[in-house]
1. Using a Förster radius of 30 Å, what is the FRET efficiency between SER126 and SER41 based on their Cβ-Cβ separation? Nearest 0.05, please.
2. Given the C-alpha atoms of region 287-401, compute the convex hull and give its volume per residue in Å³.
3. Show me, for region 154-170, the HN-Hα J-couplings you get by feeding each phi into the Karplus relation (A = 6.51, B = -1.76, C = 1.60, θ = phi - 60°), rounded to Hz, glycine and proline as x.
4. Just need the relative contact order of the chain here, percent rounded to a whole number, with Cα pairs under 8 Å and 6+ apart.
5. Given 0.36 nm per residue, what is the gain on full extension from GLU166 to SER138 after removing their alpha carbon distance, in nm?
6. Which of TRP194, TRP338 has the fewest other C-beta atoms within 10 Å, and how do the rest follow up to the most?
7. Between THR62 and LEU324, what is the FRET efficiency for a Förster distance of 56 Å, r being their Cβ-Cβ separation, to the nearest 0.05?
8. Taking the alpha-carbon centroid of each part, what is the distance from region 112-145 to region 242-265 in angstrom?
Amino acid sequence: MPNQIQFLHLGLGAFHRAHQAVFIKQNIASVSMRKSDVADSLRAQGNKYEVIARDGSGETTTLIESIKESLFYPRDLARIFEIATSPDLQAITLTVTEKAYKNDGEDGVPARLAELLQARFKTGASGIAIISCDNVPSNSQFLRGLILEVISAKGDRELLQWVSSEIRFPNSMIDRIVPAMTSAAITTEPFNQWVIENDPIESLFVGTGVEFVPDVKPYELAKIRLFNGVHSTLAYIGEVEGIEFVANAITHPVIAPFIKALQESEMVPSITQTGGIDLNAYAATIRKRISNPTLRHRAHQIAMDGSQKMQQRIFDGANDLAKLGRPAPLHVAAVAIWVHFLATNTDIDDPLAHKLTPLAQSSDPLEAVTKTLSLAEFTRKLDPKYFDQVAEDLKLIRSSSVLELISNRIAKS
């Protein structure tokens, strides 16, 4: 007899196994969207695996048994649709990365979700929650808009009305450092956080540590800027300067004060609605977590898909500072470092690398900056008022080094 599945998760990566699958106590069916190896490996060991949480003081090991089925899309499509239409299902959760949040045909995540919801609608099953767990501003609501676009394009008014009224899309914020893994065991940090906007799904999370709040935006902004923005900045510094692990980058005597100043002098002031969060204390916690030497989180992994990440992690913060009339020289430096990375790195994993790299390689720094940052595919562009400053920083990097640039910026801050 098939398992009674309450949660269907799309994105069977290391993060899901170290995060949602740890918090959720009900039965999960987890779907790999790209390749079958992880699903097949988990299935072969009865879907059980260990999560090892490490820091400088030791480690703890937890056996995870919440994943009851490991599936691969599209091989296991019949079973996925069976779960999606079951009255037992309470929620669909997702970790599919930022680059999946666009409508790009039938194989796109929004289109696949629209198909699952259409099948559920036809059975007369009740509404469910769809919870995005990706680093996208207003993540679930943004996904809702994409799904409704797909349905509208098909002209299915009944389905459109049903999804609009019966399917809930509470935004969420997730936080745990999980380096990419190939083995069945997952190594991570002790810290683990999941914040979800108030929703009836809360009844399934009693006693789990998941936080439910009226508005997730302050948590989301704090995490995307103070953590993810710093992570990306460290990754590009590390890639350019040959520092393999971000824990080594953030403890570097030149880089450490730059990151601290970036957080405290610019990122914190860019967030005007704090939701009661002590942002400076949160920033200090982030620096300590990233410096955990036992995680061995590679800069190369974090540097992936920068074109999909820099917009919300760095550009948005700089733009908000401009609106507040505040300078953003450290954000500008971070952008210049990224442009230099695009121009010089020979192993860039980014869906827009084929367009960005030739632009960033222009011998004229201002032309390189202007054309790179004006790419049509960017939906959240950096304010052009910064372009001259970014170009000046890029010029300094080219004539000297990234470390010289950030030393210079710290001296002036």
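Each value in this text was obtained by applying a stated rule to the coordinates, not by laboratory testing. Being a predicted model, the structure only gives us computed values, none of them experimental. Backbone-built Cβ (ideal geometry, glycine too); neighbour counts: all protein chains shown.
1. E between SER126 and SER41, to the nearest 0.05, is 0.30.
2. Numbers: hull volume 13.8 nm³, N = 115.
Here the figure is 120 Å³ per residue.
3. Along region 154-170, the couplings run 7, x, 8, 5, 5, 5, 4, 5, 5, 5, 4, 9, 10, 9, 9, 10, x Hz.
4. Working: 715 pairs, mean separation 54.7, N = 413.
Over the chain, the number comes to 13 percent.
5. 8.2 nm
6. TRP194, TRP338
7. Calculated transfer efficiency: 0.80.
8. 38 Å
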